[in-house]
Amino acid sequence: MRESVRSTTTGSAGLFLELFHKRKMCARVWAVHTAKSEIVLDAIMKVLLLSKYRHLELTNFPDPTPSRGEVLIRVAACGICGSDVHGYDGSSGRRIPPIVMGHEAAGRIAGVGEGVEGFTKDDRVTLDSTIYCGACSHCCRGEVNLCDHRQVLGVSCSDYRRAGAFAEFVAVPSRIVYRLPDSLSFAEAAMLEAVSVAVHAVSLAQISPGSNALVVGAGMIGLLVLQALRVAGCSRIFVADLDRSRLKLAQDVGATAILSAEADLVAEVMQLTGGTGVDVAVEAVGRSETVKASIESVRKGGTVVLVGNISPEVTLPLQKVVTRQVRLQGSCASAGEYPRAIELLATGAIQVKPLISAIAPLEEGPRWFERLYAREPNLMKVILTPGMVS
């Protein structure tokens, strides 16, 4: 039997709870019984709370309940994203404490709100990290990632605060939820958000069969971009990074050649392409030096897709962009690629198992965040499991 909310919560946890009750978290927390499914009354859930920068604590909050058009998901798995690690120390400015982070999630439907069709209790599902309105001009054009009212699960910034999925339960609009095939484990499904980001980025590159490409940055997104480029028809794909363990992973999942970013990357690319450069470069870091190297590595008339955004501003070799007619294309999140991402994982066209370093219970989250923050070698994706969901 789940506990009733009776105790007094203090400190950062208390502030977070107060924000919940003021509806500043964009999620309702008052338990109800709906017509379609029973939601436990006055129950509490465990959450991993960023109560201050570089401090995570396991605490209790009321279960969220779905309002109209929403579903309640019992979270089975939630990945620690690089953006969560950057939020952990405050460097991104998008995880202002107190906040429950986490947006790479999968689980089972625990309840549905009024007006929801197509989902029933116990359905295996995953969810988009982007909560979009569905009514603005961008949404009407299918550009849901550019929604005028866009919010991201597990983010708190100056504009909004939205509780995330490092918790036993999360309530989200049903329009961002997708049913999972039984062949995908919940841990694999927690990788779908990152896969959809990679698929979206590659779709913007306008790949022609037989193209060659460079991926700068062999982090999670870079390694998934590598695989998405192969699916799109690239014949040769080069991957550059400073980390040897990540380059080894890139080799394992299909890179034609791996390049050390410590050397003269542009010279290496030119040598591999007969002096012409690659057709497409996907920059998955977001620093001035890596953006510059990406631009200088593409052929005349080539394309650079910018995915990484660790720095708010970078410098560009503008004359080279203009005189060589290089196309710069930004890529933000994903925009409807989830069904395709699910298909690619289910068929094995994109492999994520080699990229999962550890699966751990939610209570071990603080330790794993510290290890990721310290950039421990051979650590890629860590999946946290808030509850026992089969």
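Structural remarks
- Residue match in the stretch 288-295 (condition: within 29 Å of Cys139 (Cα to Cα) and outside the structural domain of Phe186 (by TED's automatic domain parsing)): no
- Matching residues, the stretch 318-338, being on the phi < 0 side of the Ramachandran plot and either among the charged types (D, E, K, R) or exposed (fewer than 14 other Cβ atoms within 10 Å of the Cβ) (or both): Leu318, Gln319, Lys320, Val322, Thr323, Arg324, Arg327, Gly330, Glu337
- On inspection, Ala341 does not qualify as at pLDDT 95 or above and assigned by TED's automatic domain parsing to the domain that holds Cys78.
- The stretch 253-291, residues that are small (Gly, Ala, Ser) and in a loop (DSSP other than H, G, I, E, B): Gly254, Ala255, Ala261, Ala263, Gly274, Gly275, Gly277, Ala284, Gly286
- Only one of Glu289, Glu363, Glu376 that is of a type in the set (Asp, Glu), surrounded by fewer than 17 Cβ atoms within 10 Å (Cβ to Cβ) and more than 26 Å from Ala250 (Cβ to Cβ): Glu363
- Number of residues in the stretch 135-169 that are assigned to a strand (DSSP E or B), hydrophobic (A, V, I, L, M, F, W, C) and over 24 Å from Leu345 (Cα atoms): the value is 3.
- Of all the residues in the stretch 190-222, those that are on the phi > 0 side of the Ramachandran plot and surrounded by fewer than 24 Cβ atoms within 10 Å (Cβ to Cβ) number 2.
- Asp182 being in the same structural domain as Tyr132 (by TED's automatic domain parsing) and farther than 25 Å from Ser67 by Cα: yes
- When Val307 is tested against (1) without any contact (Cβ under 8 Å) to a residue 40 or more places away in the chain; (2) touching an Asp or Glu at 6+ places or on another chain (Cβ under 8 Å), only condition (1) is not met.
- Filter result for the condition that a residue is modelled with pLDDT of 95 or more, crowded, with 21+ Cβ neighbours inside 10 Å, in the same structural domain as Gly164 (by TED's automatic domain parsing) and of a type outside the set (Ser, Thr, Tyr), over Leu58, Leu48: Leu48
- Set Ala281, Ala267: member being within 28 Å of the chain's Cα centre (by Cα) and in the same structural domain as Val215 (by TED's automatic domain parsing): Ala281
- Pick from the stretch 272-304, criterion in contact (Cβ under 8 Å) with a residue 40 or more places away in the chain and polar (S, T, N, Q), ranking: farthest from Glu262 (Cα to Cα): Thr303
The values are calculated or read from the model by the stated rules, or taken from the named source; none is laboratory data. This one's a predicted model, so the numbers in the text were calculated from it and none came from an experiment. No Cβ is skipped: glycine too gets one built from the backbone with ideal geometry, and neighbour counts run over all protein chains shown.
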